[in-house]
Amino acid sequence: MAAWWQEAVVYQIYPRSFQDTTGDGVGDLPGILSRVDYLSETLGVDAVWLSPFYPSPMEDFGYDVSDYCNVHPMFGTLDDFDRLIDALHARGMRLIVDFVPNHSSDQHPWFLASRSSRDDPKRDWYVWRDGRPDGSPPSNWRAVFGGPAWDFDEVTGQWYLHSFLPQQPDLDWRNPEVEAAMHDALRFWLDRGVDGFRIDVAHFIMKDPEFRDNPLAPALSGEAPFKDMGAYDDQAHVHDKGHPDVLGAFRGIRSVLDEYDDRFSVGEIHEFDPLRWAAYYDQGAGLHMPFNFFLIATPWTADGVRSRVDAVDGAVPSHAWPNHVLGNHDEQRLASRFGPESARAAAVLLLTLRGTPTLYYGDELGMGEVAVPPEQEQDPWGIRVPGMSRDGCRTPMAWDASPNAGFSSTGAATWLPLHDDWRESNVEAELADPASVLNLYRTLLKMRKESAALRLGTYVPLDGVPDGCFAYVRKIDGESVAVLISFSEHEMDVPLHPGTVLVSSGMDRMGEAVGGSVRLRAREALVIS
Ligand code: GLC
């Protein structure tokens, strides 16, 4: 019997940008509650992952948590949260919440206590070290968001570690009191009924206990660059994250989840060596899955995508379950990365591969990256390191052609601008257009729900197809489904057993009988039964 999260399609909501009900231009939990029917009926996803909605000074838009067990008033109340979870459960959906274990906000009472004196009982909840004799920081580690990963505290004369912003001090997971407090935070949400956690930068929570310098040779890390991160890339990040002890911490988290029925965890783990990535499945004893970002990092070519899919599928241990991600709140929008046609083909790929797919809100409308003008820039990463802004993929959802696209009330200043073509590219308009991207997603989701082969079947890549085509078969018992994806600018004929088109990426070939050979158009994707 498959677990619910193996058969589910997960939909990520960035709460600031989904639906505003208060007119402050920022989304909120009652807003998400008002769109539950969209999620369950219109779209047909099975689980929702909410990015952080906890109290926070919002230096990193909620990934700087100042209270792990509450709701930021901007997003609503705990009662609103309970109403939302009840509404999702009533429709048979699951709720996954973000858990941010590596760092808290510097305004969290734990850190305020920790920095107050070297003798404070919470001092060792964070990572404090003396500098080197020459007055420089304890190690050469760099923060992901630019600059050194250490800040000097004048009051107590030591340095504290922050892998991200200075306002996001790293908790010390080697301290059993920290681990126990974080486990209690998990229990707080599990008791309220959450079905699982997406664990933020999960592999960062264990570092080298000796705080050795990272080598200055990126090649040593064996990592293919995921995206250009400027000076951060000058080092091989072998000591500042991903220490093998992290598996023990994950087993601890798993034991908390296993106190409850049927709960789930997925770790945000950026690791691009397939076998090292798969090691995070850890005999099934730790997190249920590490997120698989290979498709985001892979060039959009038939060989590139096939080789990564094969490598990942082959690396996943037999006890474990794969998953695929094409976009999230940290990456450039899919539709802009690949272009509109290939983004449709990518939707077909994501929803027909073996493993749990995670969709990012707005991708189902084909929303593109928004060029946010400098004076409206919000993302602290972009403000600190030019070119790194994530604002463009976090813009408001568009529901209809009313002012502010139905996201917020007329006249409200939305926290980020809408995409330029929101009058055509919104839920209402796309529902009325049979060939829209939204109707493609709806059709794919319905097809996946109805096909055991797509949800649970094996994955077998097909050889002997023309260059520029990636083709595979998903199979279970008597059911078999073929998927053909073109990465080419030219049409091609693909040899295939006779069958019927279930879905075409252009939404214009459904029901077509194909036999012997299929004519695949440029950048088209077909699902054939
Ligand atoms: C993760 C989040 C990102 C956040 C960072 C620090 O990468 O996805 O949005 O800024 O962690 O918490």
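Could you grab me the full set of residues in segment 338-362 that are open to solvent by 10 Å² or more (accessible area, probe 1.4 Å) and either hydrophobic (A, V, I, L, M, F, W, C) or assigned to a helix (DSSP H, G or I) (or both)? If the condition is that a residue be open to solvent by 10 Å² or more (accessible area, probe 1.4 Å) and either hydrophobic (A, V, I, L, M, F, W, C) or assigned to a helix (DSSP H, G or I) (or both), then Phe338, Pro340, Glu341, Ala343, Arg344 are the ones that fit.
One line per residue, one yes/no per condition, for (1) within 21 Å of Gly62 (Cα to Cα); (2) open to solvent by 20 Å² or more (accessible area, probe 1.4 Å):
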| position | (1), (2) |
| --- | --- |
| Ser139 | no, no |
| Ala143 | yes, no |
| His162 | yes, no |
| Gln167 | yes, yes |
| Arg174 | no, yes |
| Arg192 | yes, yes |
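With respect to Asp79, is the statement that it is within 28 Å of the chain's Cα centre (by Cα) and either away from the ligand (no atom under 16 Å from the Cβ) or not assigned by TED's automatic domain parsing to the domain that holds Ala180 (or both) true? Against the criterion (within 28 Å of the chain's Cα centre (by Cα) and either away from the ligand (no atom under 16 Å from the Cβ) or not assigned by TED's automatic domain parsing to the domain that holds Ala180 (or both)), Asp79 qualifies. The condition of being in a helix (DSSP H, G or I) and either of a type outside the set (D, E, K, R) or buried (at least 18 other Cβ atoms within 10 Å of the Cβ) (or both) holds for only one of Asp80, Asp98, that being Asp80.
Per the conditions (1) buried (at least 16 other Cβ atoms within 10 Å of the Cβ); (2) in contact (Cβ under 8 Å) with a residue 40 or more places away in the chain, the sole criterion not satisfied by Val501 is (2). All of (1) closer than 17 Å to Phe61 by Cβ; (2) within 18 Å of the chain's Cα centre (by Cα) hold for Leu29 with one exception: (2).
When you check Leu190 against the structure, is it touching an Asp or Glu at 6+ places or on another chain (Cβ under 6 Å) and of a type in the set (A, V, I, L, M), yes or no? Answer is no for this residue.
Have a look at Val473, Val481, Val465 and point out the one that is open to solvent by less than 30 Å² (accessible area, probe 1.4 Å), modelled with pLDDT of 95 or more and farther than 17 Å from Ala347 by Cβ.
After applying the criteria, what remains is Val473.
Within segment 291-337, the set of residues being touching a His at 6+ places or on another chain (Cβ under 8 Å) and within 16 Å of the ligand (Cβ to nearest atom) comprises Asn292, Phe293. Within segment 363-377, the presence of at least one residue that is open to solvent by 40 Å² or more (accessible area, probe 1.4 Å), over 30 Å from Asp433 (Cα atoms) and within 16 Å of the ligand (Cβ to nearest atom) is confirmed. Cβ-Cβ contacts under 7 Å between residues 6 or more apart (or on different chains), taken from a first residue in segment 43-65 that is open to solvent by 10 Å² or more (accessible area, probe 1.4 Å) and away from the ligand (no atom under 15 Å from the Cβ) to a second residue that is part of a loop (DSSP other than H, G, I, E, B) and polar (S, T, N, Q), are listed as Pro55/Ser66; Pro55/Asn70.
The values are calculated or read from the model by the stated rules, or taken from the named source; none is laboratory data. Note that the structure is predicted; figures quoted are calculated from it, not measured. Backbone-built Cβ (ideal geometry, glycine too); neighbour counts: all protein chains shown. For accessibility, only protein heavy atoms count, side chains too; no ligands or nucleic acids. Shrake-Rupley method; radii C 1.70, N 1.55, O 1.52, S 1.80 Å.
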